[in-house]
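The values are calculated or read from the model by the stated rules, or taken from the named source; none is laboratory data. No experiment lies behind these values; they were computed from the predicted model shown. Glycine also receives a Cβ, built like all others from the backbone with ideal geometry; neighbour counts cover every protein chain displayed. With ligands, DNA and RNA removed, areas are computed over all heavy atoms of the protein, side chains included. Shrake-Rupley method; radii C 1.70, N 1.55, O 1.52, S 1.80 Å.
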Amino acid sequence: MNDHNGGTLLQAEDADSSETAVVVIGRNEGSRLRTCLESVRNSGNAVIYVDSGSSDGSVELATGLGASVVALDTRRPFSAARARNEGVQRLMSIAPAIKWIQFVDGDCQLVEGWIASARRFLEANPNIAAVCGRLRERFPERSVYNLLCDIEWNTPVGEARACGGIAMLRVEAFRQVEGFRDGLVAGEEPELCVRLRARGWRIWRLDAEMALHDAAMTRFDQWWRRNVRAGFAFAEGVRLHGAPPERHWVKEWRSAWFWGAGLPFAIGLSAAIAGPVAIWAAAIYPLQILRLGWRFRGLERGRWAHAFFLVAGKFPAALGQAKSWLLHRRRQQAVLIEYK
């Protein structure tokens, strides 16, 4: 772990006097990282930027903006979980009095006022470990894939089972469960929330604007890889916490296997035995899209796209689950599944 200390965003004396800090993680985010850091540089909070082997000048950019930069050791596999953990370790070494940490991905821009609102909420609710708000996609009009992200980000307000990577966490709770699992390359935030809830902590989604996210997802292959990663996360979640009473991601895992692998295999086998007439069984897929489209009739836009890609996403998700199974079968270490 290499440290590059900046002087604008993070001063030791400022960090000691504040109870809130920001940990930003990134890898080759380019101009998106500048936007991210500029959205937090005037918040008055300590800021750490953790870089995962960027080759686009991200370290120099963050240093130039005054951030305290942690460059991860490239000899160990990268993961968002590891990056956040090392960011917290760096933060605690220079500002041990920190009580609240806002985690941000380098492709996001925090909304002004969010940090203060989240901190006040956690101060007023000592049994809540993590709080998040409304995450919006910055350019949903640029592609159907960006629009799907914006729909995905719009989670129900109130108590939640999990939050994403952009959230404010209580340091006491984070330390109690020993942070994220370094080795998880996908699904690390919900997995952390499983362990937090097991300790009696609660997770909350506020009805407040939190951040803008720039997925920059304009191609089918990006969408495909993102869903492979989702399937990988489902499999890892089931492996770790699939047993009762949690049954973490068991429903999603079973659904991906059924729609993305089991059913296609059964249809293909039936066609091989009974002839082409068995292919008509594939009509269950458009029927499922129609069923989901009817369920999503409350969406203002993207209703049918959401339905179609939810069904289509079962195929790459099943592939991701197969990758997880094969990885553990061979006792190999997971590596990042990137889509940008």
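Listed values, structure above:
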item	result
The stretch 101-119 - residue that is of a type in the set (A, V, I, L, M) and in contact with a Ser or Thr (Cβ under 7 Å, 6 or more places away or on another chain) and, of those, nearest to Ala216 (Cα to Cα)	Leu110
Candidate set: the stretch 249-283, residues that are buried (at least 16 other Cβ atoms within 10 Å of the Cβ) and among the β-branched types (Val, Ile, Thr); chosen: the one nearest to Ala322 (Cα to Cα)	Val250
Looking only at the stretch 145-166, and only at residues there that are polar (S, T, N, Q) and in a loop (DSSP other than H, G, I, E, B), the one that is surrounded by the most Cβ atoms within 10 Å (Cβ to Cβ)	Thr155
Pick from the stretch 29-46, criterion more than 17 Å from Ala216 (Cα to Cα) and within 20 Å of the chain's Cα centre (by Cα), ranking: modelled with the lowest pLDDT	Val40
From the options His213, His241, His248, residue that is in contact with a strand residue (DSSP E or B) (Cβ under 7 Å, 6 or more places away or on another chain) and touching a residue at least 40 places away in the same chain (Cβ under 8 Å)	His213
Residue match in the stretch 173-182 (condition: among the aliphatic types (A, V, I, L, M) and either open to solvent by 20 Å² or more (accessible area, probe 1.4 Å) or not in a loop (DSSP other than H, G, I, E, B) (or both))	yes
Matching residues, the stretch 57-106, being closer than 28 Å to Gly133 by Cβ and among the polar types (S, T, N, Q)	Ser58, Ser68, Ser79, Asn85, Gln89, Gln102
Qualifying residue in the stretch 140-147 (condition: out of contact with any strand residue (DSSP E or B) (no Cβ under 9 Å at 6 or more places or on another chain) and under 22 Å from Gly26 (Cα atoms))	yes
Residue identified as modelled with pLDDT under 95, β-branched (Val, Ile, Thr), within 18 Å of the chain's Cα centre (by Cα) and within 19 Å of Val23 (Cα to Cα) among Val131, Val104, Val185	Val185
The listed residue being out of contact with any Lys or Arg (no Cβ under 8 Å at 6 or more places or on another chain), open to solvent by 30 Å² or more (accessible area, probe 1.4 Å) and charged (D, E, K, R), out of Glu209, Glu236, Glu246	Glu246
Candidates Ala124, Ala130, filtered to the one that is among the small types (Gly, Ala, Ser) and within 22 Å of Leu37 (Cα to Cα)	Ala130
Matching residues in the stretch 112-139 - criterion: being free of Cβ contacts under 8 Å to residues at least 40 places away in the same chain and of a type outside the set (Lys, Arg)	Gly113, Ala116, Glu123, Ala124, Pro126
Selection from the stretch 143-186 of residues that are within 19 Å of Gly237 (Cβ to Cβ) and in contact with a Cys (Cβ under 6 Å, 6 or more places away or on another chain)	Ala162, Cys163, Ala167
Boolean, Asp107 is of a type in the set (Asp, Glu), touching a Lys or Arg at 6+ places or on another chain (Cβ under 8 Å) and either open to solvent by 10 Å² or more (accessible area, probe 1.4 Å) or under 20 Å from Arg202 (Cβ atoms) (or both)	yes
The listed residue being among the hydroxyl-bearing types (Ser, Thr, Tyr), out of contact with any Leu (no Cβ under 6 Å at 6 or more places or on another chain) and crowded, with 19+ Cβ neighbours inside 10 Å, out of Ser68, Ser79	Ser79
